[in-house]
1. Taking the stated definitions as given, is Arg43 touching an Asp or Glu at 6+ places or on another chain (Cβ under 7 Å) and either exposed (fewer than 15 other Cβ atoms within 10 Å of the Cβ) or over 27 Å from Trp190 (Cβ atoms) (or both)?
2. Taking the condition surrounded by 14 or more Cβ atoms within 10 Å (Cβ to Cβ), of a type in the set (S, T, N, Q), within 16 Å of the ligand (Cβ to nearest atom) and farther than 30 Å from Val178 by Cα, does Asn332 pass?
3. Using the structure shown, decide if Asp200 is away from the ligand (no atom under 16 Å from the Cβ) and in contact (Cβ under 8 Å) with a residue 40 or more places away in the chain.
4. What pairs can you find where one residue is in the range 241-262 and of a type in the set (Val, Ile, Thr), the other is exposed (fewer than 15 other Cβ atoms within 10 Å of the Cβ), and their Cβ atoms are less than 6 Å apart, with a gap of 6+ or different chains?
5. Out of the residues in the range 305-316 meeting the condition of being surrounded by 23 or more Cβ atoms within 10 Å (Cβ to Cβ) and within 11 Å of Ile286 (Cα to Cα), tell me which one is nearest to the chain's Cα centre (by Cα).
6. How about the range 264-294: which of its residues are closer than 22 Å to Tyr185 by Cβ and away from the ligand (no atom under 15 Å from the Cβ)?
7. Which of the numbered conditions does Ala208 fail, given that it passes all the others? Conditions: (1) in contact (Cβ under 8 Å) with a residue 60 or more places away in the chain; (2) more than 12 Å from the ligand (Cβ to nearest atom).
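The values are calculated or read from the model by the stated rules, or taken from the named source; none is laboratory data. Source: prediction; values computed, not measured. Glycine gets a Cβ as well: all are built from the backbone with ideal geometry, and neighbour counts include every protein chain shown.
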Amino acid sequence: MSSVTINRRGEDRARAGHPWIYRSDVIGADAAAGDLVAVTSERGRPVGHAMFSDESEITLRMIEFGPAAPAPDFIERRLAAAIGYRESLGLDATAYRLVHGEADRLPSLIVDRYGDHLVVQALSQGIDRRLPEITAALVKLARPAGILARNDPRVRLLEGLEQKVEVLHGDVPQRLEVREGGIAYDVDPWKGQKTGLFLDQRENREAALRYARGRLLDAFSYNGGFALTLARRCESVLAVDISGDAVARIRENAAANGIENVEAREMNVFDELRELERSGARFDTIVLDPPAFAKNKSAIRKAMSGYKEINLRALKLLTPGGFLVTCSCSYNVSEAMFLDVVSEAAADASAAVSLVEKRAQGRDHPILINVPETYYLKCLILRKLA
Ligand code: SAH
């Protein structure tokens, strides 16, 4: 078997349960792209087994810690465990995440279910090489009508892998219909953002429903996940997104669900918030769900000023007694940092604000407690005191 030797720092990291070993902690490698390798310490002690990448800064993704090699059928076993966990959750939706990479001990593999169809993403050399085995196991375990590989994320380039979208099994149409709670969505698994929907917000939409009322502003709306879910509790809804496709989808989804109180605007949220403030608009519920402002460490400062600006403006637009649901999906921005920036925004808006709920991504996107990077979605539900 191929083998890789790591230094003391890498060993400490692995022993603490972190599944990533960086290139700078690798001393020697006798392995080819995507190999399953035995990982040993400088002193020759076994650390575990991992998938090897000859391109990425993340050279090793641990599959098993300790001396024992992974079972030959570890992929099928872990897929079965991941699927079993999702079935046990009793989710009120036909679309959800079946496999969440590291958190299901299948590093860099994403599998989302959209009704009878599956969408997969293979984000490392090791997983990419095993796609035939993964496809066969998914067909056996989940019996999908079709499986689409959405292998177009840019992170694949860091692994030296090409960006491509292809059918791995069966048929995958351009439009799939799924249901989340009481709302039906048309999803485009071929071209939609991520794998088609933002599945990680489902439980935050359910939580927001407990507080939503009056006039709702849903900023960064995509195809209307929050707007449509909350519309039945609100008098009026304004959904704003910069993407023309997303706005068209909100209108179609609203019509298909017989929802008539939603207005969708194609606008940059930063401009729209300023304009709403100038015109003296007020809202009783506001949702802020921006894209990851900090995609890497060097973008953190700029990201923080972006979060500050939208939260400050939202708190000014909010009526006393109103609720703000504010999110950050940047894993480089910790919960503490996000709370800090929102507190600064509240101080600048001269608003007394209470923290009603502190939330994360849905349970189908598990967080590993010893891998902080897996806690990426922060969602605060705040109330502006009267
Ligand atoms: N709230 C959505 C997910 C939002 S994802 C849901 O529940 O499903 C972030 C969205 O922000 C994307 O749809 C993207 O098109 C949009 N976006 C990015 N930058 C923007 C900007 N400056 N103004 C408005 N929308 C923006």
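1. Considered against the rule, which asks whether it is touching an Asp or Glu at 6+ places or on another chain (Cβ under 7 Å) and either exposed (fewer than 15 other Cβ atoms within 10 Å of the Cβ) or over 27 Å from Trp190 (Cβ atoms) (or both), Arg43 comes out as no.
2. Answer is no for this residue.
3. Taking the combined requirement at face value, the residue does not satisfy it.
4. Ile242/Asn268
5. Once the filter is applied, the top-ranked residue is Asn311.
6. None - no residue of the range 264-294 is closer than 22 Å to Tyr185 by Cβ and away from the ligand (no atom under 15 Å from the Cβ), so the list stays empty.
7. For Ala208, the failing item is (2).
Listed here are the residues, each with its yes/no results for (1) of a type outside the set (Phe, Trp, Tyr); (2) within 16 Å of the ligand (Cβ to nearest atom); (3) out of contact with any Ser or Thr (no Cβ under 7 Å at 6 or more places or on another chain).
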| position | (1), (2), (3) |
| --- | --- |
| Ala103 | yes, no, no |
| Leu109 | yes, no, yes |
| Asp112 | yes, yes, no |
| Leu158 | yes, no, no |
| Lys191 | yes, yes, yes |
